[in-house]
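Worksheet for the structure shown next.
The values are calculated or read from the model by the stated rules, or taken from the named source; none is laboratory data. Just so it is clear, the structure is predicted and the values come from calculations on it, not from any experiment. Because the Cβ atoms are built from the backbone with ideal geometry, glycine has one as well, and the counts that use them run over all protein chains shown. Side chains are part of the model used for accessible areas, which takes the heavy atoms of the whole protein and leaves out ligands, DNA and RNA. Shrake-Rupley method; radii C 1.70, N 1.55, O 1.52, S 1.80 Å.
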Amino acid sequence: MFSSVTAARAAWKAFAAPVVACGLAAAATPATATIFFGNYNPSNTAATSAGVGLPLVRRAPDATQSFDTAASSSTYCANFFCTFFYGTTVTTTFTVDSTFVASHLIVPISTVSPYGNRRAGFNIERLDGADWVGLGFMQVESGLVPAGIHEVQVAFGNSSGSTFNPAPIQFVDGSTYRIRTNHAAGAAGFMSWYLSDQAAATGQSFQRSTQPGVAGPLAYQPAFALTDGGDLVYAPKTGGVPEPASWAMMIAGFAGIGAALRRRRLVAA
């Protein structure tokens with residue numbers, strides 16, 4: 001009888017092990033991203049590069065996406081020391097319809113830095129009365145983003161030297177915000193912010209520049225999304241469905257339990 005109980009316990013362990021393993025694997029998998037607000041669906045393609053120093057993830061847009069055009073030289077710096085400054089910036093405003101805390105901004109961009117690595121940023125500001133109040137920003141290193149359209153996802157925060165301090169931002173229902181490009185640091189170059197294929201509302205998006213861009217309102221809103229930084233996966237997940245190997249182990253476990261119980265009944269008889 002002791003041997004039958006031992007066999008039953010061993011069979012139960014064989015059955016339970018893959019179930020527990022599946023549970024642990026599911027717990028370790030990052031959750032699907034929540035997109036709180038945006039004017040397009042970011043790509044769910046695999047990350048192709050991760051920033052060092054700045055928490056930057058870069059993805060190539062998938063085949064379902066289309067962008068109208070690029071805002072000409074969203075940020076621009078004319079020479080190596082960035083002393084000859086053009087006031088090139090793109091601004092887009094929006095009003096949120098719910099309250100949420102976002103930690104990441106996703107934007108489709110391309111960068112060109114002919115004299116070395118530089119950083120360009122996106123300021124996040126809230127309209128308080130007649131004033132815009134800064135809430136935080138994200139930075140993009142041109143050396144981590146090659147030419148062509150790439151989506152970058154970077155955490156909100158602030159930096160001092162090489163240290164980056166993440167700082168999520170609370171967006172309040174009914175409040176108006178804006179995202180504004182800005183120069184950060186480094187060598188000469190420029191960054192182009194791609195526009196969504198959704199038309200912008202009147203006065204919602206604007207480009208101010210002298211050279212090389214063209215000043216004036218943008219017909220399309222710059223593409224952006226505010227998220228919690230989770231995995232960008234839109235395809236249905238299989239969840240806890242076991243793999244074939246796990247099914248085999250579970251079946252073997254059931255068989256072992258059945259055999260042990262049969263032996264136990266024979267001994268008792």
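Can you find even one residue in segment 117-132 that is over 22 Å from the mean Cα position of the chain (by Cα) and in contact (Cβ under 8 Å) with a residue 60 or more places away in the chain?
Yes, segment 117-132 contains a residue that is over 22 Å from the mean Cα position of the chain (by Cα) and in contact (Cβ under 8 Å) with a residue 60 or more places away in the chain.
With the requirement that a residue be open to solvent by less than 40 Å² (accessible area, probe 1.4 Å), among the small types (Gly, Ala, Ser) and part of a loop (DSSP other than H, G, I, E, B), what does segment 93-117 give you?
Ser103, Ser113, Gly116
Looking only at segment 168-175, decide whether some residue is open to solvent by 60 Å² or more (accessible area, probe 1.4 Å), over 18 Å from Phe36 (Cα atoms), at pLDDT 80 or above and not in a strand (DSSP E or B).
No, every residue in segment 168-175 fails to be open to solvent by 60 Å² or more (accessible area, probe 1.4 Å), over 18 Å from Phe36 (Cα atoms), at pLDDT 80 or above and not in a strand (DSSP E or B).
If Gly157 passes every condition in (1) open to solvent by 10 Å² or more (accessible area, probe 1.4 Å); (2) small (Gly, Ala, Ser); (3) at pLDDT below 85 but one, which one does it miss?
The number of the failed condition is (1).
I want to confirm something. Restricting to segment 118-136 and keeping residues that are open to solvent by 50 Å² or more (accessible area, probe 1.4 Å), closer than 17 Å to Phe156 by Cβ and not aromatic (Phe, Trp, Tyr), which single residue is modelled with the lowest pLDDT?
Arg119
Please pick out the residue among Pro61, Pro55, Pro18 that is modelled with pLDDT under 60, surrounded by 15 or more Cβ atoms within 10 Å (Cβ to Cβ) and not hydrophobic (A, V, I, L, M, F, W, C).
Numbers: Pro61 fails: modelled with pLDDT under 60; Pro55 fails: modelled with pLDDT under 60.
Of the residues listed, the single one that is modelled with pLDDT under 60, surrounded by 15 or more Cβ atoms within 10 Å (Cβ to Cβ) and not hydrophobic (A, V, I, L, M, F, W, C) is Pro18.
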